[in-house]
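Engineer: Quick one: the structure is below, and I'll ask about it shortly.
The values are calculated or read from the model by the stated rules, or taken from the named source; none is laboratory data. Predicted model, so just to flag it, every value in this text is computed and none were measured. All Cβ positions, glycine included, derive from the backbone under ideal geometry; neighbour counts span all protein chains shown. Note: accessible area is taken over every heavy atom of the protein model, side chains too, but ligands, DNA and RNA are not part of it. Shrake-Rupley method; radii C 1.70, N 1.55, O 1.52, S 1.80 Å.
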Amino acid sequence: MTLSSSSQVNLGVFSPNEVGSISGSISASDSIEYFFNVTDSMGVYLTLADLSDDLDISLLNYSSGSYHQIASSQNSGTDSESLFKYLSPGYYKAIVSYYGRVSGDGGTSNFTLKYDAKTFQENSLTPNDPGFGDQWYLFNTGQGNGLDNEDIFAPEAWK
C-alpha cells in the first residue's frame with residue numbers, strides 16, 4: 001500500500017510476533033500519522049527506510065486525553081531512521097514527518113515504514129516478576145523519565 005502526505009492510517013492491533021511494512025510518500029512540511037494499539041507488553045522496532053529525502057519518525061503514547069512523545073529518531077540525510085521502544089498495552093501513533101530536501105528533484109519524498117514486534121520477542125526473555133518494571137538497571141524503558149536502554153540489557157542476555 002502506498003500513501004500520500006497529510007494522511008492518517010490505522011495499522012490496527014500489533015501482536016507480539018508481527019512484522020510488516022508500508023510504503024509512503026510525503027511532501028515538504030507534511031506528515032503522516034500511523035495509529036496502532038498494543039494489547040500485550042512488547043518491544044517494537046520502527047524503522048524508516050528507502051528514504052529519498054531527510055525524514056524523521058516520532059512515537060507517541062495516548063494518555064490523559066492526549067498523545068505524548070515517548071521516542072524519536074532524527075538522523076540526517078537519507079540514512080534509515082530507527083527507534084526501539086518497549087510498549088505497555090495502550091494506544092500509540094507513529095508520525096513520519098518531512099525534514100529536508102536531499103534528492104533535489106522537488107517532488108515528493110518516498111519511504112518505507114517497517115514495524116517489527118517479533119525480533120525483540122525472539123532475542124530476549126522478560127520475567128513475570130511483578131517488580132521487574134521497577135528494576136530500571138536491568139531493563140530501562142524510560143521509567144521515571146529516565147533514558148531508554150541505559151541498562152545492562154538483561155532480557156537479551158537471559159535469552
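Engineer: Note down, for the range 1-69, the three equivalent ellipsoid semi-axes (square root of 5 times each alpha carbon gyration tensor eigenvalue), biggest first, whole angstrom.
Structural biologist: Result for the range 1-69: semi-axes of 22, 16, 11 Å.
Engineer: Further, regarding this structure: For the range 1-103, with every protein chain kept in place, what is the accessible area per residue (1.4 Å probe, Å²)?
Structural biologist: Spelled out: the 1.4 Å probe surface of the range 1-103, per residue, equals 46 Å².
Engineer: A follow-up question, please. Kindly provide the helix-only [θ] at 222 nm of the chain, computed as the sum of -39,500 (n - 2.57) over DSSP H runs of four or more divided by all residues, to the nearest 500 deg cm²/dmol?
Structural biologist: Rounded to the nearest 500, it is -1000 deg cm²/dmol.
Engineer: What's the FRET efficiency of D134 with W158 using the Cβ-Cβ distance as r and R₀ = 25 Å, to the nearest 0.05?
Structural biologist: Using R0 = 25 Å, I get an efficiency of 0.90.
Engineer: Here's something else I'd like to know. From the Cα trace of the chain, what convex hull volume per residue do you get, rounded to a whole Å³?
Structural biologist: So the per-residue Cα hull volume is 117 Å³.
Engineer: With labels modelled as points extended 7 Å from the Cα through the Cβ direction, what inter-label distance (nm, one decimal) is found for F35 paired with S21?
Structural biologist: Result: 2.6 nm between the two label points.
Engineer: Another question about this same structure. Could you put I57, I95 in order of accessible surface area, largest first, with the 1.4 Å probe and the full protein assembly present?
Structural biologist: I95, I57
Engineer: Highest mean first, what order results for 27-34, 11-18, 44-51 on Cβ atoms within 10 Å?
Structural biologist: On the way: 27-34: 16.6, 11-18: 14.6, 44-51: 19.2.
Per-residue mean Cβ counts within 10 Å order the peptides as 44-51, 27-34, 11-18.
Engineer: Next up: Using Cα pairs under 8 angstrom and six or more residues apart, how large is the relative contact order of the range 5-159, in percent?
Structural biologist: It comes to 28 percent, rounded to a whole number.
Engineer: In the chain, what is the count of Lys pairs whose alpha carbons are under 18 Å apart, counting only pairs at least 8 residues apart or on separate chains?
Structural biologist: 5
Engineer: Something else: Where Rh denotes the Kirkwood radius from the mean inverse Cα pair distance, what is Rg over Rh for the range 41-91?
Structural biologist: On the Cα set of the range 41-91, Rg over Rh gives 1.04.
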